[in-house]
Amino acid sequence: MAPSSTVWPLDPHTKAKHDILRSYLGGWYPVLSSHNGRIVFLDGFAGPGVYGGGEEGSPIIALKTLLDHGYLQNMSNCQIVFVFCENEPARLASLQEQIEQVKQEHSPFPKNVIIEIYGDSFSDSARRILDSLTEGDEKQNLAPTFAFVDPFGFSGVPVELLRDLVAYDRCELFVNLMVDHINRFATNPKVSQHMDDLFGTQEYMGVREVEAGKRVQFLHDLYRRQLSTVCKFPYVQSFAMYGKNGHLSYYLMHGTRHIRGVELMKDAMWKTDPGGGSAFHDRLAGMDVLFQLEPDFEPLLAGLRQEFGGRTTSIDEVESWVTLQTPYRKAHLRKNALTPMEKAGTLSVARPGKSGFPSGTRLTFD
Ligand SMILES: C[S@@+](CC[C@H](N)C(=O)[O-])C[C@H]1O[C@@H](n2cnc3c(N)ncnc32)[C@H](O)[C@@H]1O
């Protein structure tokens with residue numbers, strides 16, 4: 001499954017993954033840089049930086065999203081550090097070449113943008129980074145980190161290493177869980193150490209008792225639970241990627257400790273899947289029909305009635321509930337739920353201004 005060549009063609013699901021990453025970082029850089037002196041984007045499995053047709057790889061996307069960002073000029077008080085790990089020499093050389101090109105294109109290169117490239121394995125590089133943090137003035141070196149962990153398979157990604165890497169409060173994780181591959185190998189004794197490390201528990205062995213059609217969901221749920229309990233992310237969202245054969249190939253999972261992170265990731269996921277915000281299918285890629293699908297908002301309306309029916313509450317409370325307890329976005333709440341409910345007379349609105357649902361608005365649901 002892993003290509004043997006230095007670069008390989010870009011699949012539609014990889015483009016979808018990149019779209020989510022680009023969209024998320026476009027929101028993450030300004031939010032984090034305005035409160036911190038230093039932020040880190042870490043790409044643990046960086047790849048060659050380019051695909052067969054010349055398309056950009058994740059490190060270049062992350063860099064250019066910052067360098068071409070309209071807000072960059074306001075980030076001069078923040079150092080933005082890019083850490084790229086790639087352990088295959090030819091891909092590493094390709095990555096270095098791609099980065100040099102970006103530097104030339106963006107000359108004079110901003111002094112507050114630092115690029116560090118590690119040529120050994122993600123786990124060795126990550127341990128080295130963690131050791132250097134504990135050697136120095138620890139507190140000073142801790143920085144909000146967005147760790148993108150995108151391996152080909154399941155080896156070399158111990159959940160306890162991820163835990164250490166994202167231990168600081170404002171760190172986030174965006175990880176590719178190759179569930180199809182994991183499902184095929186989960187009970188193979190030859191890879192049991194990798195599986196133990198990946199999950200940080202042997203409970204994945206329980207997949208043997210699960211009926212065939214539910215195994216991928218079982219592995220998803222277990223890993224998601226580990227991200228919550230081991231890595232201490234109260235909020236974990238996932239996005240399913242289906243390959244050309246129609247099989248669920250992998251999940252992208254995002255862990256954050258802040259509601260703003262949940263909002264930004266939901267926006268990014270819904271942009272890629274306008275019909276539901278949760279999945280991308282290679283088979284449907286490029287078909288316009290995908291982008292005309294209207295999401296079903298009935299579950300949102302029903303949920304609001306069940307949660308808030310018969311009482312008065314603030315717009316802030318309702319927004320938090322939608323963001324954290326439902327798959328929908330804040331924008332859906334206003335446009336597709338509150339506005340039609342008010343028109344239908346099932347919602348009374350006491351608003352500070354003339355229109356909309358600004359902060360301070362009180363809502364009474366029938
Ligand atoms: C799925 S590709 C990464 C694609 C890239 N993130 C992107 O979206 O453009 C995985 C990359 O990780 C590299 N790799 C494999 N094992 C590694 C390890 N243990 N440490 C660092 N890199 C590794 C592979 O050579 C490959 O280039």
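Just so you know, all these numbers are worked out from the coordinates, no wet-lab data involved. Not measured: the values here are computed from a predicted model. Every residue, glycine as well, gets a Cβ built from its backbone with ideal geometry; the counts of neighbours run over all protein chains shown.
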Inset, instruction - Compute the separation of the alpha-carbon centres of the stretch 303-366 and the stretch 138-184 and state it in Å as a whole number. - result: 36
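Listed highest first by mean packing, meaning other Cβ atoms within 10 Å per residue, what order do 113-124, 47-58 come in?
Numbers: 113-124: 16.6, 47-58: 18.4.
For the peptides 113-124, 47-58, the packing ranking is 47-58, 113-124.
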Inset, instruction - For the stretch 34-58 and the stretch 60-113, write down the distance between their C-alpha centroids in whole Å. - result: 8
Legend entry - Under the Karplus curve 6.51 cos²θ - 1.76 cosθ + 1.60, θ = phi - 60°, whole-Hz ³J(HN,Hα) for the stretch 214-230, x wherever Gly or Pro sits: 10, 5, 5, 5, 4, 5, 4, 5, 5, 5, 4, 5, 5, 5, 6, 8, 7
Inset, instruction - Pull up the DSSP beta bridges for the stretch 12-291 and report the antiparallel fraction as a percent, rounded to 5. - result: 40
Legend entry - Positive-end residue, the stretch 296-365 charge dipole about Cα centroid, Cβ charges, pick of Ser355, Trp321, Ala331: Ser355
Inset, instruction - Check cross-link reach from Lys214 to the lysines: straight Cα distance under 21 Å, and skip same-chain residues fewer than eight apart. - result: Lys244
Inset, instruction - Find the percent of Cα-Cα distances in the chain that exceed 29 Å, and round it to a whole number. - result: 46
Inset, instruction - With a 10 Å radius around each residue's Cβ, average the other Cβ atoms per peptide and rank 70-79, 18-27, highest first. - result: 18-27, 70-79
Inset, instruction - Give me the net charge of Lys214's neighbourhood, meaning all other residues with Cβ under 13 Å from the Cβ of Lys214; Lys, Arg count +1, Asp, Glu -1. - result: -1
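Subtracting the Cα-Cα distance from 0.36 nm times the residue separation, let me have the gained length for Ser192 to Lys103 in nm, one decimal. Present the calculation step by step, with values, prior to reporting the outcome.
Working: separation 89, 0.36 × 89 = 32.04 nm, distance 4.26 nm.
Contour length minus the Cα-Cα distance gives 27.8 nm.
Only Cα pairs under 8 Å and at least 6 apart count here; give the relative contact order of the stretch 12-291 as a rounded whole percent. Present the calculation step by step, with values, prior to reporting the outcome.
Details: 478 pairs, mean separation 51.9, N = 280.
Computed over the stretch 12-291, the figure is 19 percent.
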Inset, instruction - With 19 Å as the limit, write out which pairs from Lys64/Lys330; Lys17/Lys64; Lys271/Lys335; Lys15/Lys266 have Cα-Cα distances beyond it, or answer none. - result: Lys64/Lys330
Inset, instruction - Provide the three semi-axes, in whole Å and in decreasing order, of the ellipsoid equivalent to the stretch 151-281 as defined by the square roots of 5 times the Cα gyration tensor eigenvalues. - result: 23, 20, 11
Inset, instruction - With a bin width of 5 angstrom, please list the P(r) values of the stretch 296-365 as percents of all Cα-Cα pairs, from the 0 bin to the one holding the largest distance. - result: 3, 18, 33, 31, 13, 3, 0
Legend entry - By average C-beta atoms within 10 angstrom, highest first, the peptides 321-329, 263-271: 263-271, 321-329
